[in-house]
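To start, the structure itself, in structure tokens.
Readers should treat all values here as calculations from the given coordinates under stated rules, not as data from a laboratory. Bear in mind that the values here come from a model prediction, so they are computed numbers and not experimental data. Cβ sites come from the backbone with ideal geometry, for glycine too, and all protein chains shown count toward neighbours.
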Amino acid sequence: MSEIGDELAMISASSLRIPNAERAAKTNIGSAAAFEELLRLSHQDPDRFWARAALELDWIKPWHTIRKGDLPHFEYFCGGIANPCANMLDRHLKNGADNKVALIWESESFETKFYTYRMLYHEVNRFSNVLIGLGLKKGDPVAIFLPNLPETVIAVLACFRLGIVFNTIFSGFSAESLKNRVEGFEPKVIVTADAVRRRGKLIALKDKVDEAIQSLPSVHAVVVVKRTGVPANMNAGRDHWWDDLMLKASPECAPEPLEANEPAIVFYTSGTTGKPKGVIHSGMGFLVNCYIYAKYQLDHHPNDVLWCTADIGWLTMHIWGIVGALSNGVTTIFYEGALDWPHPDHLYKVANKYHVNKLMTAPTVVRGLMRHGDALGEANDLPDLDTICVLGEPLNPEAWHWTDEKLGKGRAYINNMWGQTELGGCPLSSAAWLTPMKPGSCGTPFFGANLDVVDDEGRSLGANIPGNLVVVAPFPTLVRGLWKQPERYVHEYFERIPECYCTYDAAVKDKDGHFWVLGRTDDVINVAGHRLSTMEIESAIMECEGVAETAVVGVPNEIKGSIPVAFVILRTGREPSAEMKQKVCGRVESAIGKIAVPGVIYFSDVLPKTSSGKIMRRLLQEIVTTGTARGDITGLEDVGVIEKIRSVVSASSAKQAKLKS
């Protein structure tokens, strides 16, 4: 696999992009040299760096120790007392931001609501008093099963304010998936809505909650937001309408003093086996880390309008759209619905309407826009865009250049970032307008983050040699444990590779220290003894004219052990053909070698994706190898794609069988 590393090195060396020095001078820190000095401090003396970062926020009582312990058990700002919500709202009110817009909400049907920092403060206080009235106290668990609504933000901030441990769950999950996430968490209260709207359709939520908690005695109250007005079964004594409770609640509620390491968020992630696991993040550690990362990775300024396109059911929205945005005092947009509905250019319309200058989105959104060609971008300029951040899965160089040239029109900084739910942020990233960019690279280890590429025994690998991406030292947002599963926490993350947190991602580090994430380690295909990255093959396919999106998986082969199989979505106006298959195969052979040419190419209109845009490649692998998807599909945004893909695979197999006969 060294040839892949060599190719990545050549790509990175030939495409280095130096940010404009005049624009760099307008950043928070003022110059690339000043940023490099701060970055150096964070790596040479991380405790000193984190102390400096934390002192930019408000504390009730200072800490006595910056960091105690090491992987896998550690603490930050030990003994420090503060409150995350107070730092996201109260702190700005003290500085005169009462009438500044904090939150803009819009639905796909163009409904809109605005909340200033003062308005949001009062609404959060009211719901805090509602939770107190329901008998909740610090440390109690609450589940939030809502789409991107203003009430969702209010509920999250109220939990932060009271020190209540909360869990937000994607509203597109089924009742069974919801049950899998709440039965181990055992919430005392669930916050939900009567229904949600997506692509113009109504999806009942309250019914799912009723089904999921039938045998869950921990739940003694359900708070229901009247989002659509559709009938909802209300259980007397247990169920309450949000508006009714809020009308009676006081707009003043003092924030709860919290020790920095007390748990705040339990976020459930699903894997290929076993039930979803509840990742624990602390309150103030999460806040400090998200605050300082957002400040520099996005170069936040007071007048920024940030649009994070993620769903609240993914931690991305918490990191950037809530905590990172509000701790930095900017305006954040919460959008409910599909980004390409009712029209493909809907993202452009919303971004222009609110003069968005900081956009955070997923590679799948970018490729979705690419699929429609250049016409959308030409008809919908985004003159305010200053910084575009892309995360969720690797962004191939072609998509990077399209984002730069067609979406940002050469005026925006493109920050391709890497992170995980367990990491609570993006420890691999660039700093907007300060770090030299390399299309396809995820940047370098960010503030206080110590990452490396190692072999299976934990030995550090040299430049351009693919290996396991690991974290070798703690930082404040790194996972603190798994909810009620301490043994699984240690086993799953810290026993795979000695003395490291294992990310289960493969990566290459180039000669300049930039990291290139190749995909999951289980997305590496062994073809006749050659280890091939599915991400590298996907990047080659994406260079073919007419290809909008692709996903590559490895499937067993009697002769070669495994062979690559590609699913390809074509751009609008392109039709599947033998000629197109030849182009795809030819490009892969030219870019990587004949060994990497897909054994089979399926042309499809859909791919199985989570709501945050990640392609669930293991489901494609299961469909190809077994004819169905037997694994966990709870993360899918649309379970209907499974049958569509099965039909594509089945039809192709039948055609091949007919040709052979």
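Ranked for footprinting exposure by Cβ neighbours inside 10 Å, fewest first, ASP244, ASP505, ASP210 give ASP244, ASP210, ASP505.
Over the C-alpha trace of the range 409-523, radius of gyration and Dmax come out as 14.6, 50 angstrom.
In this simple spin-label approximation, ALA379 and LYS138 carry label points 7 Å from Cα along the Cα→Cβ vector, and these lie 5.6 nm apart.
With respect to the chain, whose longest principal axis is taken over its alpha-carbon atoms, helix 640-660 is tilted by about 10°.
Here the range 314-358 and the range 394-473 have alpha carbon centers that stand 22 Å from each other.
Along the range 38-50 the Karplus relation, 6.51 cos²θ - 1.76 cosθ + 1.60 evaluated at θ = phi - 60°, assigns HN-Hα couplings of 5, 4, 4, 4, 5, 8, 7, 9, x, 4, 5, 4, 5 Hz to successive residues, with x for each Gly and Pro. Listed by chain and number, the lysines whose alpha-carbon sits under 24 Å from that of LYS358, ignoring those within fewer than 8 places in the same chain, are LYS26, LYS100, LYS113, LYS295, LYS349, LYS406, LYS409, LYS438, LYS614. Compute the Cα gyration tensor for the range 95-135, then decide on rounded, prolate or oblate, letting a ≥ b ≥ c be the square roots of its eigenvalues: rounded whenever a/c is under 1.5, prolate when a/b is larger than b/c in the other cases, and oblate in all that remain. In terms of gyration-tensor shape, oblate. Taking a cut-off of 30 Å, what percent of all Cα-Cα pairs in the range 2-508 are separated by more than that? Considering the range 2-508, 47 percent of its Cα-Cα pairs are separated by more than 30 Å.
Using all pairs of distinct alpha-carbon atoms, the Kirkwood hydrodynamic radius of the range 127-244 works out to 14.0 angstrom.
The 3J(HN,Hα) values that the Karplus relation (6.51, -1.76, 1.60; θ = phi - 60°) gives for the range 449-464 are, in residue order, 9, 10, 10, 8, 10, 10, 7, 5, 9, x, 7, 5, 9, x, 4, 6 Hz. Gly and Pro appear as x. Close amide H contacts of THR116 (hydrogens built in the peptide plane, cut-off under 5 Å, sequence separation of 5 or more or a different chain): ALA102.
When only alpha carbons are used to place a centre, the range 73-99 and the range 104-155 end up 18 Å from one another. Here the label points at GLN656 and TRP341, each 7 Å from Cα along the C-beta direction, are separated by 3.4 nm in the simple model.
The trypsin sites (Lys or Arg not before Pro) found in the range 206-267 that occupy coil by DSSP, while having at most 16 further C-beta atoms within 10 Å, are LYS226, ARG238, LYS248.
Sorting ASP512, ASP386 from the fewest to the most surrounding beta carbons within 10 angstrom yields ASP512, ASP386. Of the GluC sites (Glu not before Pro) found in the range 123-195, those that fall in a DSSP loop while having at most 16 other beta-carbon atoms within 10 Å are GLU183. Considering helices alone, the calculated mean residue ellipticity of the chain at 222 nm is -9000 deg cm²/dmol, with DSSP H runs of length four and up weighted by -39500 (n - 2.57) and normalised per residue.
Taking each residue as 0.36 nm, the span from THR625 to VAL600 lengthens on full extension beyond its C-alpha to C-alpha distance by 7.8 nm. Shown in residue order for the range 188-194 are the 3J(HN,Hα) couplings computed by the Karplus curve 6.51 cos²θ - 1.76 cosθ + 1.60 at θ = phi - 60°: 8, 9, 10, 10, 9, 9, 5 Hz (x for Gly and Pro). For the range 301-342, taking Cα atoms only, Rg and Dmax work out to 10.8, 33 Å respectively.
Would you grab the residues whose amide H sits under 5 Å from the one on TYR268? Only those 5+ places off in sequence or on another chain, please, with H modelled 1.01 Å from N. Distant-sequence amide H within range of TYR268: VAL279.
The amide H of ILE144, built 1.01 Å from its N in the peptide plane, has ASN167, THR168, ILE169, VAL191 as neighbours under 5 Å, considering only residues 5 or more places off or on other chains. Cβ-to-Cβ counts within 10 Å put VAL552, VAL101, VAL606 in ascending order as VAL606, VAL101, VAL552, the fewest first.
Beyond 23 Å, what percent of the Cα pairs of the range 528-660 remain? Percentage above 23 Å: 31.
Mean sequence separation of contacting Cα pairs (under 8 Å, at least six apart), scaled by the length of the chain, corresponds to a relative contact order of 13 percent.
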